[in-house]
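The values are calculated or read from the model by the stated rules, or taken from the named source; none is laboratory data. Predicted model, so just to flag it, every value in this text is computed and none were measured. Backbone-built Cβ (ideal geometry, glycine too); neighbour counts: all protein chains shown. The area values use the complete protein model at the heavy-atom level, side chains included, leaving out ligands, DNA and RNA. Shrake-Rupley method; radii C 1.70, N 1.55, O 1.52, S 1.80 Å.
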Amino acid sequence: MVKLRMKRRKLSITTSSMSDIGFLLLIFIMLISLMNQRYEEKINYSESTVLERTQADSNFEIWVQKNGVISAEGETLDYVGLERAVVGAIAKNPSVRIHVIADKDTPYKHVNSVVSVLQSLQHRVVSFVVREK
């Protein structure tokens, strides 16, 4: 009688691909977090005592700096470009709320010119963003 000896193999899990998977997950998370960044200008907000909170996901923000430079979605715009950008935002979402964000030291004529563009488009949902006292 011949006894057959079976060798037992040790079970092992290969972990060489785990570092690749971890690295790909890290890249994916970094890319997603970059997509969700909000564009902001450095300004001194005006102050107000009466506030109304709005939903941040359905806003189109127009930034007006002290020197009259207008920007929206990270791009510096003239009045024609501003009009096109607002029309594009309204076309994407008809219930979009326009936020005008101006430095507290911005001359009124610069803010008024932005409001004039919005009036010519007859867009009625406009908010002026201020800082809470």
Cβ-Cβ under 6 Å pairs, at least 6 apart or on other chains, the stretch 109-131 side farther than 14 Å from Glu61 by Cβ, far side open to solvent by 50 Å² or more (accessible area, probe 1.4 Å): Val117/Tyr79; Val117/Glu83; Arg131/Tyr45; Arg131/Glu47
Extreme residue, nearest to Thr76 (Cα to Cα), among residues of the stretch 32-52 that are open to solvent by 100 Å² or more (accessible area, probe 1.4 Å) and modelled with pLDDT of 65 or more: Lys42
Sole exception among (1) surrounded by 11 or more Cβ atoms within 10 Å (Cβ to Cβ); (2) at pLDDT below 75 for Val86, by number: (2)
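Evaluate the following for Asp103: is it modelled with pLDDT of 75 or more, among the acidic types (Asp, Glu) and surrounded by 15 or more Cβ atoms within 10 Å (Cβ to Cβ)? Explain how you work it out, then say what you get.
Numbers: modelled with pLDDT of 75 or more: yes; among the acidic types (Asp, Glu): yes; surrounded by 15 or more Cβ atoms within 10 Å (Cβ to Cβ): yes.
In short, yes.
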Any hit, the stretch 57-76, residues being modelled with pLDDT of 80 or more, open to solvent by less than 40 Å² (accessible area, probe 1.4 Å) and charged (D, E, K, R): yes
